[in-house]
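Below: one structure, written as structure tokens.
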Amino acid sequence: MIEKRNFYINGEWVAPIEARDCEVIDPSTEEPCAVISLGSDADADAAVAAAKAALPGWMATPVAERIALVEKLLEIYMERGEDLAQSMSIAMGAPIDMARSQQVGAGSFHLKNFINAAKKFQFDRPLDEKYPNDRIIYEAVGVAALITPWNWPMNQITLKVGAAAIAGCTMILKPSEESPLDAMVFAELMDAAGFPKGVFNLVNGDGIGVGTRLSGHPDVDMVSFTGSTRAGIAISKNAAETLKKVHLELGGKGANVVFADADEKAVKRGVLHMMNNTGQSCNAPSRMLVQSGIYDQAVEIAAEVASKITVASAHDEGNHMGPVVNKTQWEKIQGLIQKGIDEGARLIAGGPGLPENFNKGFYVKPTVFADVTPDMTIAREEIFGPVLSIMKFETEEEAIAIANDTEYGLTNYVQTQDPARANRMARVLRSGMVEMNGKPRSAGAPFGGMKKSGNGREAGIFGIEDFMEIKAVSGWTPE
Ligand code: NAD
């Protein structure tokens, strides 16, 4: 059993002022794998005070030096990749090979992209050629609280910490209580990279405790949050009193629109994408909209692909699907699968209960429903598990209407070999991201949503800008 009770505050690992022990459960075995502390208001306050004290010095540090420290962080991150992978795998159930490649890989990708973007960005520049005495200065928002979820832990932590550090913000990270171990390894990396004391602080805690304290704290200038829409709303309300900036990356219910002229791998790709990370991705293409001409064939392919996915422990090497994160999620997913059956969707793969040969662990069968209609619960709610809903459409207009008929707006996907149609779709789909024909976003592209998927834009220069204020100065004297 791993014991990690201390917090990282003001450049040191310190015992909590007042905390409760919390067991971290390994979802592959249902056994406790670690014990951490859940901090109190006093612990959150201590971290905020450290971040506040460090702010003037960090803001005054030349941006080139801040970038150099992030470069050092990246170097150490690469060296400690295995520790990060192991700690994510054991606590949130990402199969170890996937944790090594995708979960750890996402973090190094983001740090590299921040470094490249920042080196090209003018943090201090004239308004334009016509007004050289009007100066535009980008400066740090201030003290930032970073609240992260468990599903892609290093992805979210690096997206926030890398951007905040380059922007000149000091920060308090409150990682998810479901996946705290990787965040503690990350704090060791920040320490080893040599960031000045107080620039980065880590306090473990739950949402109601430390999360609420941070989002309402008068000395916190900004909250950058990734997680559920429910918590995003609670944070926004709590932050309103202090009028701090609130950047939100929330849930999703992405449509994957497969036209009859889609490439032959489109359906298989969509199913595998849905099941990646056991369906626990905000940008999962969870609604597959298929045009009527290829509908029956698509349903057949989807059933076959899903039924061939193997489910196994996150500790095992190989290319399989691991468990979902915890019992609450497992039960929620089971309830929604049952709801799909009860509301009349056609189950074509998977279904309720543990997969064969399992009697414990939070494993879910890769599940696919066909003949899903837009009013069904499984077409509307974010399931956050390996459950795909297939829906039929006739025309492009109908596909657009179904795709946009959701309170979310994170990522939509389009599969067609007609370039004009693909571009039309990209313009009308109401989501922060549209990915076409299996082409992922490139380095430095912004990640974020519309509607109830949030308002932040992370990654590349867009992510750094999220942590900066824009100051307009007139009457500037050229030096
Ligand atoms: P969650 O909202 O339960 O928790 C996320 C974090 O917020 C945790 O650190 C938690 O302790 C904290 N928290 C919870 N309630 C809080 C409150 N009232 N005040 C302050 N902090 C609070 O979400 P989760 O279950 O950890 O993650 C899954 C959700 O995250 C899904 O809805 C998923 O779509 C979303 N997500 C979104 C993105 C994105 O970029 N849009 C990325 C990943 C995950």
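Can you give me the number of residues within the stretch 163-186 that are crowded, with 24+ Cβ neighbours inside 10 Å, within 8 Å of the ligand (Cβ to nearest atom) and of a type in the set (D, E, K, R)?
1
Name the strands (runs of 3 or more DSSP E) wholly within the stretch 1-80 that hold at least 2 residues that are surrounded by 16 or more Cβ atoms within 10 Å (Cβ to Cβ)? Reasoning before the result, please.
Details: elements: 2-4, 7-9, 12-14, 20-26, 31-38.
Per the criteria, 7-9, 20-26, 31-38.
Of everything in the stretch 340-354, what is in contact with a helix residue (DSSP H, G or I) (Cβ under 7 Å, 6 or more places away or on another chain), over 13 Å from P386 (Cα atoms) and assigned to a strand (DSSP E or B)? Give them in sequence order.
L347, I348
Just checking, which of K119, K112, K160 is basic (K, R), within 16 Å of the ligand (Cβ to nearest atom) and closer than 23 Å to W58 by Cβ? Can you show your working first?
Numbers: K119 fails: within 16 Å of the ligand (Cβ to nearest atom); K112 fails: within 16 Å of the ligand (Cβ to nearest atom).
Selected residue: K160, the only one of K119, K112, K160 that is basic (K, R), within 16 Å of the ligand (Cβ to nearest atom) and closer than 23 Å to W58 by Cβ.
Can you run down the residue pairs with Cβ atoms below 6 Å, 6 or more apart or on separate chains, where the first is in the stretch 18-35 and under 24 Å from A312 (Cβ atoms) and the partner is surrounded by 14 or more Cβ atoms within 10 Å (Cβ to Cβ) and at pLDDT below 95?
Close Cβ pairs satisfying both conditions: A34/I2.
Of the conditions (1) more than 19 Å from E382 (Cβ to Cβ); (2) in contact (Cβ under 8 Å) with a residue 60 or more places away in the chain; (3) of a type in the set (G, A, S), G353 fails just one. Which one is it?
G353 satisfies every listed condition except (2).
Looking at the structure I just gave you, is I147 near the ligand (Cβ under 9 Å from one of its atoms) and hydrophobic (A, V, I, L, M, F, W, C)?
Details: near the ligand (Cβ under 9 Å from one of its atoms): yes; hydrophobic (A, V, I, L, M, F, W, C): yes.
Criteria met by I147.
So which of A302, A314, A298, A306 is part of a loop (DSSP other than H, G, I, E, B) and either touching a strand residue (DSSP E or B) at 6+ places or on another chain (Cβ under 7 Å) or at pLDDT 95 or above (or both)?
Details: A302 fails: part of a loop (DSSP other than H, G, I, E, B); A298 fails: part of a loop (DSSP other than H, G, I, E, B); A306 fails: part of a loop (DSSP other than H, G, I, E, B).
Result of the check over A302, A314, A298, A306: A314.
Per-residue answers, yes or no, for (1) more than 30 Å from V258 (Cβ to Cβ); (2) at pLDDT 95 or above; (3) under 15 Å from the mean Cα position of the chain (by Cα):
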{"position": "G448", "(1), (2), (3)": "no, yes, yes"}
{"position": "G454", "(1), (2), (3)": "no, yes, yes"}
{"position": "G463", "(1), (2), (3)": "yes, yes, yes"}
{"position": "E469", "(1), (2), (3)": "yes, yes, no"}
{"position": "A472", "(1), (2), (3)": "yes, yes, no"}
{"position": "G475", "(1), (2), (3)": "yes, yes, no"}
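Determine which single condition G444 fails, assuming it passes every other condition in (1) touching a helix residue (DSSP H, G or I) at 6+ places or on another chain (Cβ under 6 Å); (2) without any contact (Cβ under 8 Å) to a residue 40 or more places away in the chain; (3) part of a loop (DSSP other than H, G, I, E, B).
(2)
How many residues are among the hydrophobic types (A, V, I, L, M, F, W, C) and surrounded by fewer than 24 Cβ atoms within 10 Å (Cβ to Cβ) when one looks only at the stretch 276-295?
Here is the first cut: in the stretch 276-295, the residues among the hydrophobic types (A, V, I, L, M, F, W, C) are 282, 284, 288-290, 294.
Pick out the ones that are also surrounded by fewer than 24 Cβ atoms within 10 Å (Cβ to Cβ) and you get 294.
Looking only at that region, the number is 1.
Conditions tested, residue by residue: (1) of a type in the set (D, E, K, R); (2) away from the ligand (no atom under 16 Å from the Cβ); (3) assigned to a loop (DSSP other than H, G, I, E, B).
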| residue | (1), (2), (3) |
| --- | --- |
| I383 | no, no, yes |
| E398 | yes, yes, no |
| M425 | no, yes, no |
| G438 | no, yes, yes |
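Residues A403, A370: which one is out of contact with any Gly (no Cβ under 6 Å at 6 or more places or on another chain) and closer than 21 Å to N283 by Cβ?
Working: A370 fails: closer than 21 Å to N283 by Cβ.
Of the residues listed, the single one that is out of contact with any Gly (no Cβ under 6 Å at 6 or more places or on another chain) and closer than 21 Å to N283 by Cβ is A403.
Confirm whether S431 is polar (S, T, N, Q), surrounded by 23 or more Cβ atoms within 10 Å (Cβ to Cβ) and within 30 Å of F462 (Cα to Cα). Before the answer, list the steps.
Values: polar (S, T, N, Q): yes; surrounded by 23 or more Cβ atoms within 10 Å (Cβ to Cβ): yes; within 30 Å of F462 (Cα to Cα): yes.
Yes: the conditions hold for S431.
Just the residues that are among the charged types (D, E, K, R), touching a residue at least 60 places away in the same chain (Cβ under 8 Å) and surrounded by 20 or more Cβ atoms within 10 Å (Cβ to Cβ), please, taken from the stretch 208-246. Steps first, answer last, please.
So the first thing to find is which residues in the stretch 208-246 are among the charged types (D, E, K, R), and the list is 213, 219, 221, 230, 237, 241, 244-245.
Among the residues that remain, those that are also touching a residue at least 60 places away in the same chain (Cβ under 8 Å) are: 213, 219, 221, 245.
Passing the criteria: R213, D221.
For the stretch 257-274, what are the residues that are closer than 27 Å to T328 by Cβ and crowded, with 24+ Cβ neighbours inside 10 Å?
Just the residues of the stretch 257-274 that are closer than 27 Å to T328 by Cβ, to begin with: 271-274.
Correct list: V271, M274.
The rows are residues; the columns are (1) within 16 Å of the ligand (Cβ to nearest atom); (2) surrounded by fewer than 16 Cβ atoms within 10 Å (Cβ to Cβ); (3) hydroxyl-bearing (S, T, Y); (4) at positive phi.
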site	(1), (2), (3), (4)
Q297	no, yes, no, no
A306	no, no, no, no
M321	no, no, no, no
Y363	no, no, yes, no
V368	no, no, no, no
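So is N357 over 29 Å from R457 (Cα atoms), in a loop (DSSP other than H, G, I, E, B) and modelled with pLDDT of 95 or more or not? Explain how you work it out, then say what you get.
Numbers: over 29 Å from R457 (Cα atoms): yes; in a loop (DSSP other than H, G, I, E, B): yes; modelled with pLDDT of 95 or more: no.
No: the conditions fail for N357.
The rows are residues; the columns are (1) in contact with a Gly (Cβ under 7 Å, 6 or more places away or on another chain); (2) under 26 Å from T310 (Cα atoms).
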| site | (1), (2) |
| --- | --- |
| A231 | yes, no |
| I235 | no, no |
| A240 | no, no |
| K245 | no, no |
| G252 | yes, yes |
| E264 | no, yes |
| K268 | no, yes |
| N283 | yes, yes |
| V290 | no, yes |
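Scan the stretch 451-475 residue by residue and report those that are within 11 Å of the ligand (Cβ to nearest atom) and either surrounded by fewer than 15 Cβ atoms within 10 Å (Cβ to Cβ) or part of a strand (DSSP E or B) (or both).
Result: G454, E458.
The values are calculated or read from the model by the stated rules, or taken from the named source; none is laboratory data. The shown structure was predicted, so the numbers you read here are calculated from the model rather than taken from an experiment. Backbone-built Cβ (ideal geometry, glycine too); neighbour counts: all protein chains shown.
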